[in-house]
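Right, one structure below, let's go through it.
The values are calculated or read from the model by the stated rules, or taken from the named source; none is laboratory data. Bear in mind the structure is a predicted one, so any value in this text is a computation, not a measurement. Cβ placement follows ideal geometry from the backbone for every residue including glycine, while neighbour counts extend to all protein chains displayed.
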Amino acid sequence: MIRNIVIALLVVVVAGTAFWGYQEHKEKNAVLINAENTYQRAFHDLSYQVDLLHDKVGSTLAMNSRYSLSPALTDVWRITSEAQSDVGQLPLTLLPFNKTEEFLSKIADFSYKTAVRDLEKEPLDDKEYATLQSLYTQAGDIQGELRKVQYLVLKNNLRWMDVEMALASGKENSDNTIIDGLKTVEKKVSGYGETNEMNPTFTSAQQRDENFKNLQGETITKEEAIATAKNYAHSKSKNLKVNVEENGKGSDYGFYSVSILDKDSDTELNMDLTKKGGYPIWYINNRDVNKTNIDLNQAHTKAEAFLKEHDFSSLELFESAQYDNIALLNFVTSENGVKIYPDSVKVKIALDDGSVIGFSADEYLKSHKTREVGNPNISEKEAKDKINSNVKIMEEGKALITNDIGEEVLCYEFLGTIKDDTYRIFINADTGQEEKVEKLKNSEPVYENLI
Amino acid sequence: MKGISSKWKWLLLFSCITICFGIYPETRTNAFSSQIIQKGAVGDDVIELQARLQNIGYYKGKIDGAYGWGTYWALRNFQQDFGLPIDGLAGTTTKQKLANASNFNKAWIHEQINKGNEFTYFGGVPIEKQVKAKGNGTGGTATGKAPSKPTTSANLPGGYSQNDIQLMANAVYGEARGEPYTGQVAVAAVILNRVESAAFPNTISGVIFEPGAFTAVADGQIWLTPNERAKEAVVDAINGWDPSGNAEYYFNPDTATSKWIWSREQIKRIGKHIFCK
């Protein structure tokens, strides 16, 4: 009797486990297929977009009038952005797709800049036409390779998940059609990379890497780096553990990383300094700040004193903001009443005791140099007339900004409002062109309190 | 002796009361704390500033305790009309003039804020008519729990929303929660460097969810609840701190599975992570 009950119970348990296992298996498969489909969609979409890209670039070659060229280039720009988004959805572990993305972004930059230009006044020159032609050939090559991979994927019913799982388990001997095929694409694209006859201003990413080339001064030693860092740390404690390291060879510029651990208060200061001249790039001396004892205005004074102490001169407060118990102050250079926006220094102040817990001169050091700020060609009144008449102008001044194509331009700066929104508008002081219009952000409601 | 001391007590109490009464009208005009309120500030003084400016018709926006552009222009207009130096700073004189010219019902305003009600505070209209209580569904819970912050708006670094920051904080916490603070800022900086780089997607969510880009995303650790430190690290990175030295990759040499990552040129090491170009 008992034996039968036990047997019956076991049967139920086994059947239950089997059923549960089957359910789990089904669910797992559903999830896998779902992920697989996402990859497939991104991949097939990508090859479609590259197809389209090739065609569109091809048709722009035959166009001459501005009326057809501008919209066509805008379309190219749109398609590259779609293709880029597809690349971003493919698994990165399989292979780095960087070069393909870079190629797409180059086409995007080129098409954007030419599309927004007044092609009536400034038609495509020979060099740009040649660029367009080479882009057309390259897009064709990539299209061909992608089509080949796509054909194989469809014919052999290849699945991205299989490849990914094989890679994850360390076995790479499974069918590598996808990997090999895409590697060929990547190799083709990187082949174009440097030899591209593109104007250097087309690659926006390269521009940022200016790497402190304007800095003056001698190369400093490790000891000097430590001395500078200690000067910033202001620590009276004798119980310090100091560590200094040089940059690795992947860095575009030489720097020392100094860390100073104060064993008494258990706080650590981290700081990077340029090798050339020993300028502080940034420092972080973070700790928990739980109280607000001083206000933003006092923090402003403290930050100014700090900058003065460390020889950052002619800076003017541009923005200040309070985050809980921390104040962040953004300063820019001011030269004869002209705000130099690229020269920005940020100071972070703890509002409990007013100490400086962070500092970043990254942008300042990259862009600061002795400048000749020229005289404006047009008057402030003329500049004002260029502004949309719906904007109520509240404040005006002069400023130097970096525009869309990465040039420094002298502008008249206007702050104005339309209803409840505030705008910052820059009018080029030489050409009267509207260089930049920004809608300034208001503080955002805390959603936690809205629900 | 005893008699005298109790007399003294009475005298003391009496004088205390007189002082209190004497001070009371004073505190009404000196309602602000002593701080000079400048743009970007948050807190009770800003609530008062906004309420007072609204009371006399200068400020039309929401009374949320965050000194933004709306408050700035309102204050400047006020300063202009009252013959004060127009600097957008609420210093002693400005605060005095404003306090004299306007009313401020502190208890009522803070009650509305705590309840999460939508309200305005214009002069000349009965305040009861200026409140729109929250929907019934949530009103009850709102009164039950005190809001976590005194203000209902937050300052944010340019162009990013609280939700963007939360998403990045999730990634940073999932990837580097055991790392020193600098290392967390560096991980956040790598995400931002990727957004700007031509070789990666152009949005924060695109970079974070790029398949295979971050292990924390692949194994689900990104959905752990991040702490305030991770959020602070993200805000620092957005505000321009980049301890990684412009890195676009990083890896943990102890756990990295991909051989390929070792071929990248290294920039520096912070905590357990090596940052590469």
Subject >> Condition broken by residue A:49, with the remaining ones in (1) assigned to a helix (DSSP H, G or I); (2) farther than 30 Å from residue A:122 by Cβ satisfied >> reply: (2)
**OP:** Determine whether residue A:68 is farther than 24 Å from residue B:191 by Cα, out of contact with any Ser or Thr (no Cβ under 8 Å at 6 or more places or on another chain) and polar (S, T, N, Q).
**Re:** yes
**OP:** Using the structure shown, decide if residue B:143 is at pLDDT below 75 and polar (S, T, N, Q).
**Re:** yes
**OP:** Report whether or not residue A:327 is at the interface with another protein chain (Cβ under 9 Å from one of its Cβ atoms), under 23 Å from the mean Cα position of the chain (by Cα) and part of a strand (DSSP E or B).
**Re:** no
Original post:
In region B:82-131, which residues are of a type in the set (D, E, K, R), surrounded by 14 or more Cβ atoms within 10 Å (Cβ to Cβ) and touching a Lys or Arg at 6+ places or on another chain (Cβ under 8 Å)?
Top reply: B:115
Original post:
Which ranges mark the strands (runs of 3 or more DSSP E) fully within region A:219-321 that have 2 or more residues being within 11 Å of another protein chain (Cβ to nearest Cβ), surrounded by fewer than 19 Cβ atoms within 10 Å (Cβ to Cβ) and within 30 Å of the chain's Cα centre (by Cα)?
Top reply: A:240-246
Original post:
Is it the case that region B:209-224 has a residue that's buried (at least 18 other Cβ atoms within 10 Å of the Cβ), within 8 Å of another protein chain (Cβ to nearest Cβ) and in contact (Cβ under 8 Å) with a residue 24 or more places away in the chain?
Top reply: no
**OP:** Confirm whether residue A:120 is of a type in the set (D, E, K, R), within 12 Å of chain B (Cβ to nearest Cβ) and touching a residue at least 12 places away in the same chain (Cβ under 8 Å).
**Re:** no
Subject >> Matching entry among A:105, A:111 (being crowded, with 18+ Cβ neighbours inside 10 Å, assigned by TED's automatic domain parsing to the domain that holds residue A:164 and at pLDDT 85 or above) >> reply: A:111
**OP:** Would you confirm whether any residue within region A:87-96 is part of a helix (DSSP H, G or I) and either more than 8 Å from every other protein chain (Cβ to nearest Cβ) or in contact (Cβ under 8 Å) with a residue 12 or more places away in the chain (or both)?
**Re:** yes
Original post:
Which numbered condition trips up residue B:240, out of (1) without any contact (Cβ under 8 Å) to a residue 12 or more places away in the chain; (2) farther than 25 Å from residue A:322 by Cβ; (3) of a type outside the set (A, V, I, L, M)?
Top reply: (2)
Original post:
Looking at (1) in contact with a helix residue (DSSP H, G or I) (Cβ under 9 Å, 6 or more places away or on another chain); (2) within 13 Å of chain B (Cβ to nearest Cβ), which is the one condition that is false for residue A:340?
Top reply: (2)
Original post:
Just checking, which of B:170, B:246 is polar (S, T, N, Q) and either surrounded by fewer than 22 Cβ atoms within 10 Å (Cβ to Cβ) or within 16 Å of residue A:284 (Cβ to Cβ) (or both)?
Top reply: B:246
Original post:
So which residues in region B:191-208 are farther than 27 Å from residue A:165 by Cα and either touching a strand residue (DSSP E or B) at 6+ places or on another chain (Cβ under 9 Å) or within 9 Å of another protein chain (Cβ to nearest Cβ) (or both)?
Top reply: B:196, B:197, B:198, B:202, B:203
Subject >> Of residues in region A:42-70 being in contact (Cβ under 8 Å) with a residue 12 or more places away in the chain and farther than 17 Å from residue A:107 by Cα, the one farthest from the chain's Cα centre (by Cα) >> reply: A:66
Original post:
Can you pull out the residues in region A:276-332 that are among the small types (Gly, Ala, Ser) and either in the same structural domain as residue A:352 (by TED's automatic domain parsing) or touching a Lys or Arg at 6+ places or on another chain (Cβ under 7 Å) (or both)?
Top reply: A:299, A:303, A:305, A:313, A:314, A:320, A:321, A:327
Subject >> Matching residues in region B:42-95 - criterion: being hydroxyl-bearing (Ser, Thr, Tyr), within 12 Å of another protein chain (Cβ to nearest Cβ) and more than 23 Å from the chain's Cα centre (by Cα) >> reply: B:92
